[in-house]
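Since the structure comes first, as structure tokens, the remarks are kept for the end.
The values are calculated or read from the model by the stated rules, or taken from the named source; none is laboratory data. In this text the structure is predicted, and so the values were computed from the model without any measurement. With ideal geometry, Cβ positions are generated from the backbone for all residues, glycine too; neighbour counts draw on all protein chains shown. Accessible surface areas use protein heavy atoms only, side chains included; no ligands, DNA or RNA. Shrake-Rupley method; radii C 1.70, N 1.55, O 1.52, S 1.80 Å.
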Amino acid sequence: LQFTKLLSEPGEIPIDGNGENMFVWAYGPDRRYSRLSQHTSMGSSETDLSLSKVPDSTDRPFKATESISYKGLWKAHGILAVIAWGVLVPTAISVSLLRDLYPSNFPWFKVHVALNGLSSIIMIVVFAIALTSYETTGRNHFDGTHEKIGLIIFVFVFFQVVGGVFRAHAPKPASAIADTVHDNENVVNEESDEEFTDEGKKVEKSLQRMIWEVMHKGMGVLLLVLGLYEVQSGIA
């Protein structure tokens, strides 16, 4: 197999004609299979193009590094992404949306936080796997749509977590006042949308809390949609 490639082309990594270059390669499956399928072997090779210009050089113009298959890493990347965006995040959102259906002592807020926290940790691992694989093979990290959306998701998840930690406090329902410690006039709880004074009068949410709720819920829905799209595009 022979082909011609320009050393410098718009939108592509330039090739050093006087030094070493890292090339990514993949081949397979067997030509007997007519249908499209994933490559059976892949890896990277280092080539010193300057050696090919030396007449009668005894050095090998092609220097291949140990071929490494990243299929296992990408498989782990996909499985973890499916767990995070196909199971944990939808469950965390559902737990919050359906909280009025649970018994009053059900710790839905803790479940919501735990599932989102676990999915965030998994996202860090998923992102690290992708970066490591691209860096090792010499490929650009964020050239494709899948990669760019993955970066956007990672950044949004970071701000969602930070916003959740430093959120404005929500009020506590009157039914739970007796079980909490009163702080002067108002009682505060992270798990409710209402607030009451000791006299039982309803207190409106703070402006900061209302703004936070709109942003938190909107960002959560957006992340779920982007995450499911990433899972679908990664499988396709």
If you rank Glu20, Glu46 by how much accessible surface each has, with a 1.4 Å probe, what is the order from largest down?
Glu20, Glu46
According to a simple spin-label model (label point 7 Å from Cα along Cα-to-Cβ), what is the distance in nm between Tyr229 and Ala76?
2.8
Per the rule of 0.36 nm per residue minus the C-alpha distance, extending Trp25 to Ser8 adds in nm 4.2 nm
For His77, His141, write out the residues from largest to smallest accessible area, computed with a 1.4 angstrom probe and no ligands counted.
His141, His77
Using 1/(1 + (r/R0)^6) with R0 = 45 angstrom and r between the beta carbons of Thr145 and Glu204, what's the FRET efficiency to the nearest 0.05?
0.55
For the pair Ser94/Ala236, report the inter-label distance in nm, with labels modelled 7 Å from Cα in the Cβ direction.
2.5
